[in-house]
Each structure stands twice: as structure tokens, then as C-alpha cells.
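S.K.: One structure follows; several queries about it will come next.
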Amino acid sequence: MYYFVERMTEDDIEQVQAIERASFSTLWSANTYRHELRSPATSRYVVARASPTPPPPRTDRTASRRGLASLIPMLFGRQTSTHDFPIVGYGGVWLSVDEGHITTIAVAPAYRGRGIGELLLNELIDQALDMHADVLTLEVRVSNIVAQQLYLKYGFRPTGRRLRYYTDNGEDALIMSTEPIRSPAYQEKLRQLRERLFARLREEANEPAPLHNNLQPRIE
Ligand SMILES: CC(C)(COP(=O)(O)OP(=O)(O)OC[C@H]1O[C@@H](n2cnc3c(N)ncnc32)[C@H](O)[C@@H]1OP(=O)(O)O)[C@@H](O)C(=O)NCCC(=O)NCCS
């Protein structure tokens, strides 16, 4: 399967909420998503889609300027026109002054472990750069080792703790933050990570859709 990312729209909310329900215990309302999507100066949401054929090129502004996502169609070649491919993951980032705050990121359970979380995080980093963020930060459950590993890989380091941050079970949040994301050191790290991710996604392109897949591509 080919995986690609693009900006989320209001038409995507239902599919995003299905992944959210499978991933988190506290959920956002459709109205919250709508509100977020209507504030693009400070709030960016993206979705990852799966396609059995090479994905169509992106047309949004950020993609044309820079970034991993814009390269995916070039990597795999362009063979199809735009279709409504199923959403397999999503994520969001807010801008607060000069700080990009990753608000959410999740991949549909059947699609985890295929590089899609990384693909999404890379796109969120690009979106944060596009909004002129200097650093990135986020909160993650202290028990969520998988997500923490992903963030550590991308240079996030623990910088604090919010006690009993999660209202469902009173769990603490670990605060994780990056070094300045425009620094030559971070840009070089990103370049190397993206090179490896490209290779992984190329391999994924030859793999079939996961078993137990209830997300059928909507391709006529
Ligand atoms: C966290 C999440 C988004 C990762 O997405 P994913 O597509 O499965 O992750 P990827 O395949 O892109 O893996 C990227 C990195 O994540 C980490 N990771 C992924 N799966 C892991 C696992 N089972 N154990 C440990 N680390 C893991 C690794 O660092 C991995 O890099 P590597 O392959 O070089 O080891 C996904 O597990 C998810 O949706 N979890 C539920 C929602 C959630 O917890 N979101 C985070 C809220 S803060």
C-alpha cells in the first residue's frame, strides 16, 4: 500500500473520529474539529491515506513549498487521478507564539508499525515550520511508551511533567520538547530520518493492505 498525507477537511471528520475512538479514551466533538479546521493560521490538521496505487500529487500550499509529503508522488510516480482514499491516521499541531504544540496524532490500529505515525509527524513538523514555529512541544501519557519512542526518535526530550493531566484515569503527562527545529543540527537529523522513512515507505508500497482491514479504499 502507498501512504500519503494531506490537509484534513471537514469531510474527513467522521473517518478521523473512527480512528480517534479506537485510539483514545477522551474524544473531541465534530464541532471541535470544525473549529480547529477553520483556524488555519494557528491550527493545522492532516490525514494519512492509504492507496493501492501511487497517490495523486498534492495541491495545497505547504506541500508545494517543502516537505516529505510533496515528494511522495514523485517518489512513486504519478499514475492515478484524485480519489477519496481511506484515512488511516491523522494528527494536528497548534501554534502558540513561537511554539508548535502537537495536539494529537493517531494511526488506525490495523495500520500501526508501518511508518504512518512517522509520516504524519513529519508533516506536522512541516506544518509547524510553515506557521513559523521555532520549537515543538507536546504532552504524552507517562505510560505511552510507543508514542514516546516515536517522539524521542524525532528529537523530543522530556522537559517536565503535568501531574494528573489526564482526567479519565488521573495519569500524569510527560511534557516533551524539541531543540529549535530550524537549527542546522535539527534539519540534518530530519533529513536523515526522512531518507530512512522514504526507504521504508517504498518497501511498504509493495506490501498488501493489512489483514483485518475494514478500511476499504473508495476507488471505483
Ligand atoms: C503512536 C502512534 C501514532 C505511532 O504510529 P505508528 O504508525 O504505529 O508508528 P511508526 O510505524 O511510524 O513507527 C515510528 C516509530 O514509533 C515507535 N514505535 C512504533 N511502534 C512501536 C512499538 N510497538 N514499540 C515501541 N516503539 C514503537 C518507534 O520509535 C518507531 O520507529 P522505528 O520503526 O524506527 O522503531 C500509534 O501507535 C498510535 O496511533 N497510537 C495510539 C494513539 C496515541 O497514543 N497517540 C499518541 C498520543 S500522545
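The values are calculated or read from the model by the stated rules, or taken from the named source; none is laboratory data. The structure displayed is predicted, hence computed values, not measured ones. Reconstructed Cβ throughout: ideal geometry from the backbone, glycine too, with neighbour counts over all protein chains shown. Remember, those area values only see protein heavy atoms, side chains included, never the ligands or the DNA or RNA. Shrake-Rupley method; radii C 1.70, N 1.55, O 1.52, S 1.80 Å.
S.K.: Near the ligand (Cβ under 9 Å from one of its atoms) and either modelled with pLDDT under 95 or open to solvent by 60 Å² or more (accessible area, probe 1.4 Å) (or both): is that true of Arg112 in this structure?
M.R.: yes
S.K.: Would you please name the residue that is farthest from Ala209 (Cα to Cα), looking only at residues in region 19-32 that are without any contact (Cβ under 8 Å) to a residue 24 or more places away in the chain and open to solvent by less than 60 Å² (accessible area, probe 1.4 Å)?
M.R.: Thr32
S.K.: Check region 138-152 and report whether any residue there is more than 13 Å from the ligand (Cβ to nearest atom), closer than 25 Å to Ala108 by Cβ and surrounded by fewer than 17 Cβ atoms within 10 Å (Cβ to Cβ).
M.R.: Start the filter on region 138-152 by keeping residues that are more than 13 Å from the ligand (Cβ to nearest atom), which leaves none.
Checking region 138-152: not a single residue is more than 13 Å from the ligand (Cβ to nearest atom), closer than 25 Å to Ala108 by Cβ and surrounded by fewer than 17 Cβ atoms within 10 Å (Cβ to Cβ).
S.K.: Further question: Of all residues in region 189-212, count the ones that are among the charged types (D, E, K, R), open to solvent by less than 70 Å² (accessible area, probe 1.4 Å) and away from the ligand (no atom under 13 Å from the Cβ).
M.R.: Selection size over region 189-212: 1.
S.K.: Do the conditions hold for Val107, that is, is it touching a residue at least 60 places away in the same chain (Cβ under 8 Å), farther than 14 Å from Ser43 by Cα and of a type in the set (A, V, I, L, M)?
M.R.: Yes; evaluated as a whole, the condition is true for this residue.
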